[in-house]
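Working notes, beginning with the structure itself.
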Amino acid sequence: MKKYKITSLIISAFALVLSGCVVNPRTSSTTTSITSENTTTSAISTTSEDSSPSSATSLTYSSSASSSTTTSSNDITSSIPSSSSSSSQSSSSSSISSSSISSSSASSSSSSSYYSVPPIDDDPTWNINLSLRGAEFRNALQSKMAGKRTQTTTYNNCLSVGAKAAAYPNASSSTFVPFYHDATLTATTGQCNREHTWPNSRGTGKDGPGADPFIIRPTLTSENSSRGNKFYGLGSSEWDPACCGFEGARGESARVILYAATMYYRDGLSLSNNPGDATSLKTMGTLSTLLAWNAAYAPTPIEIQINNYLSNNGYGRNPFVDHPEYASYIWNNNGLIGGEIPPDPNEFDDALNIESTLSNIDGNEYVIASSDSSTSFNYYAMDNEPKADNLPWYIKPIGAVVNDDKTKMIPSGDVTFKYYKFIKQSDGNYYIQNKETNKYIFGYIDGSHYSIGLGTTPTNNGSLSWSITTTGKGFVMKNAANVYLEYYNGSYCGYSRAPSIPIYLFH
């Protein structure tokens with residue numbers, strides 16, 4: 001098996017040489033030492049906010065050196081000669097007019113570059129079963145990714161976290177390398193905003209994937225606005241990260257999107273070859289182009305630094321920075337290898353069972369869930385707090401999936417479901433109480449806005465009382481103020497009529 005994989009890498013490297021693809025790590029005018037997670041010393045340190053790093057492998061890149069190597073034994077090394085430099089590989093400063101953004105005079109001359117990776121059969125960081133393919137490999141990898149995350153942050157805080165992760169020229173710098181650039185350009189947080197690498201309107205929002213510092217990156221404000229919500233790619237309806245002046249941004253962008261599609265596949269994120277996809281599909285791409293860029297452009301020193309910093313601080317790791325070849329275990333140019341498979345609830349000890357009988361719900365606690373599609377395996381459980389910006393009429397969702405007959409629900413990653421107790425009243429209606437907060441779901445109408453909220457007493461002459469009827473496996477919940485509970489466009493909210501997709505209760 002190991003002989004086969006080494007041969008595959010050699011064949012892949014030869015194919016890249018024939019196609020003129022260039023491995024293009026970020027460079028600076030001086031030799032820069034980027035130290036992997038747990039290294040004790042480095043020129044650019046990735047010191048944890050909470051603890052100092054321990055010892056491991058160091059990777060060194062130089063703008064003038066002909067190679068970069070790792071010190072780990074038994075490395076598989078592919079030498080891929082560079083082509084002549086292009087204008088897109090020149091210093092980023094040429095496209096930036098602001099004098100307040102500093103630029104160094106790094107060389108843009110070409111030289112041979114080397115891309116070293118650990119042996120793919122023996123990496124204790126991931127310890128993944130390499131006989132798996134397609135959705136099975138993705139699902140197993142996602143489980144490993146979720147297990148490496150010990151803390152989360154907020155959308156608003158992603159700017160400061162990202163700035164620390166990309167700090168340059170050293171870990172204590174107030175300047176950093178903004179996304180889509182190399183170390184020839186640095187900026188401050190005042191010159192940047194938060195870039196949804198996977199666009200907000202295409203399914204990330206500002207929670208979950210929309211609050212993940214791997215996905216939300218500090219980006220120069222003008223470049224963020226110029227992209228909009230386009231797919232990455234080279235077509236007229238796509239956006240090329242290299243347009244900012246750094247060609248290696250293509251590989252970095254590809255690996256961020258591969259990370260998102262793996263980590264949050266249970267939230268409905270998936271890859272597509274159609275830049276014209278409706279935003280409701282939650283797709284991103286262009287898949288075939290992302291796979292080509294991932295293969296052609298090696299992980300860059302700043303990309304590795306960011307991966308190590310986020311890992312050292314508990315945010316997890318991007319496996320495609322450690323192992324770009326993992327992408328070919330999951331996707332080919334046409335999509336997910338073997339297609340999507342329904343999740344197996346037998347693999348999870350905490351799968352929840354659906355409730356379909358109204359007579360059972362009085363006095364019992366349930367996870368309230370729904371979906372944005374009657375055919376989807378992706379479900380969203382109701383949280384017990386308002387969504388971003390504390391808007392009282394939107395309640396946050398929690399990602400989950402259901403099995404093929406939709407009788408069991410499985411948490412997405414390491415989430416904790418919120419339970420609601422259904423308390424029957426003398427008039428036959430129900431109060432619905434979250435036991436953690438002792439708050440009730442209520443409904444009210446504010447002008448033309450049909451709203452819901454969580455509280456001990458309702459606002460705006462609203463009501464705590466809900467009538468509940470069954471629709472097969474699901475339920476329709478109507479408040480005494482004539483407000484229906486529904487899941488819509490990434491939130492739980494109120495509606496003026498019965499939703500097309502019912503509410504489901506799981507226990």
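The values are calculated or read from the model by the stated rules, or taken from the named source; none is laboratory data. Values in this document were obtained by computation on a predicted structure and should not be read as measured data. When we count neighbours, we look across all protein chains shown, and the Cβ atoms used for this are built from the backbone with ideal geometry, even at glycine. With ligands, DNA and RNA removed, areas are computed over all heavy atoms of the protein, side chains included. Shrake-Rupley method; radii C 1.70, N 1.55, O 1.52, S 1.80 Å.
Is segment 404-414 home to any residue that is among the hydroxyl-bearing types (S, T, Y), surrounded by fewer than 16 Cβ atoms within 10 Å (Cβ to Cβ) and at pLDDT below 85?
Scanning segment 404-414 turns up no residue that is among the hydroxyl-bearing types (S, T, Y), surrounded by fewer than 16 Cβ atoms within 10 Å (Cβ to Cβ) and at pLDDT below 85.
Conditions (1) basic (K, R); (2) crowded, with 23+ Cβ neighbours inside 10 Å; (3) at pLDDT below 90; (4) not in a strand (DSSP E or B), marked per residue:
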position	(1), (2), (3), (4)
W198	no, yes, no, yes
G205	no, no, yes, yes
R217	yes, yes, no, no
S222	no, no, yes, yes
S226	no, no, yes, yes
S236	no, no, no, yes
S253	no, yes, no, yes
I257	no, yes, no, yes
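Restricted to segment 404-443, and to residues that are within 27 Å of the chain's Cα centre (by Cα) and of a type in the set (A, V, I, L, M, F, W, C), which residue is nearest to I354 (Cα to Cα)? It would help to see each step written out before you state the result.
Taking segment 404-443 first, the residues within 27 Å of the chain's Cα centre (by Cα) are 404, 406, 408-419.
Next, only the ones that are of a type in the set (A, V, I, L, M, F, W, C) stay: 409-410, 415, 417.
Details: M409: 8, I410: 11, V415: 18, F417: 14 Å.
The extreme case among them is M409.
Starting from residues that are more than 33 Å from the chain's Cα centre (by Cα) and touching a residue at least 12 places away in the same chain (Cβ under 8 Å), keep the ones in segment 444-456 and report whichever is farthest from K478 (Cα to Cα).
Looking only at segment 444-456, we keep the residues that are more than 33 Å from the chain's Cα centre (by Cα), and these are 444-448, 456.
Now restrict to residues that are touching a residue at least 12 places away in the same chain (Cβ under 8 Å): 444-446, 456.
Details: Y444: 11, I445: 13, D446: 16, T456: 19 Å.
If we take residues in segment 444-456 being more than 33 Å from the chain's Cα centre (by Cα) and touching a residue at least 12 places away in the same chain (Cβ under 8 Å), then T456 is farthest from K478 (Cα to Cα).
Restricting to segment 314-336, name every residue that is under 23 Å from G399 (Cβ atoms) and either touching a Cys at 6+ places or on another chain (Cβ under 8 Å) or not hydroxyl-bearing (S, T, Y) (or both).
Matches in segment 314-336: G314, G316, R317, N318, P319, F320, A327, I330, W331, G335, L336.
Could you go through segment 391-403 and let me know if any residue there is more than 22 Å from the chain's Cα centre (by Cα) and over 19 Å from D372 (Cα atoms). Walk me through it before giving the result.
Applying the first criterion (more than 22 Å from the chain's Cα centre (by Cα)) to segment 391-403 yields 391-394, 403.
From the residues that got through so far, the ones that are over 19 Å from D372 (Cα atoms) too are 391-392.
Scanning segment 391-403, I find at least one residue that is more than 22 Å from the chain's Cα centre (by Cα) and over 19 Å from D372 (Cα atoms), so the answer is yes.
Tell me, which residue of segment 162-183 that is crowded, with 24+ Cβ neighbours inside 10 Å and out of contact with any strand residue (DSSP E or B) (no Cβ under 6 Å at 6 or more places or on another chain) is nearest to N308 (Cα to Cα)?
In this case the residue turns out to be A165.
Would you please name the residue that is least open to solvent (accessible area, probe 1.4 Å), looking only at residues in segment 143-161 that are among the small types (G, A, S) and touching a residue at least 12 places away in the same chain (Cβ under 8 Å)?
Per the criteria, the residue is A146.
Against the condition in a strand (DSSP E or B) and at pLDDT 95 or above, how does P213 come out, does it pass?
no
Name the single residue that is modelled with the lowest pLDDT among those in segment 415-436 being open to solvent by less than 70 Å² (accessible area, probe 1.4 Å) and in contact with a Gly (Cβ under 9 Å, 6 or more places away or on another chain).
If we take residues in segment 415-436 being open to solvent by less than 70 Å² (accessible area, probe 1.4 Å) and in contact with a Gly (Cβ under 9 Å, 6 or more places away or on another chain), then V415 is modelled with the lowest pLDDT.
Listed here are the residues, each with its yes/no results for (1) out of contact with any helix residue (DSSP H, G or I) (no Cβ under 8 Å at 6 or more places or on another chain); (2) over 30 Å from Y488 (Cβ atoms); (3) in contact (Cβ under 8 Å) with a residue 12 or more places away in the chain.
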| residue | (1), (2), (3) |
| --- | --- |
| Y180 | no, yes, yes |
| C192 | no, yes, yes |
| T197 | no, no, yes |
| A211 | no, no, yes |
| P218 | no, yes, yes |
| E223 | no, yes, yes |
| K230 | yes, no, yes |
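Working only within segment 119-142, note down all residues that are open to solvent by 30 Å² or more (accessible area, probe 1.4 Å), of a type in the set (D, E, K, R) and not in a loop (DSSP other than H, G, I, E, B).
E136
Filter segment 302-331 down to residues that are of a type in the set (F, W, Y) and assigned to a helix (DSSP H, G or I) and give me whichever is farthest from N170 (Cα to Cα).
Among those that are of a type in the set (F, W, Y) and assigned to a helix (DSSP H, G or I), it is Y329.
Which condition number in (1) modelled with pLDDT of 85 or more; (2) open to solvent by less than 60 Å² (accessible area, probe 1.4 Å) is the one that K439 fails?
(2)
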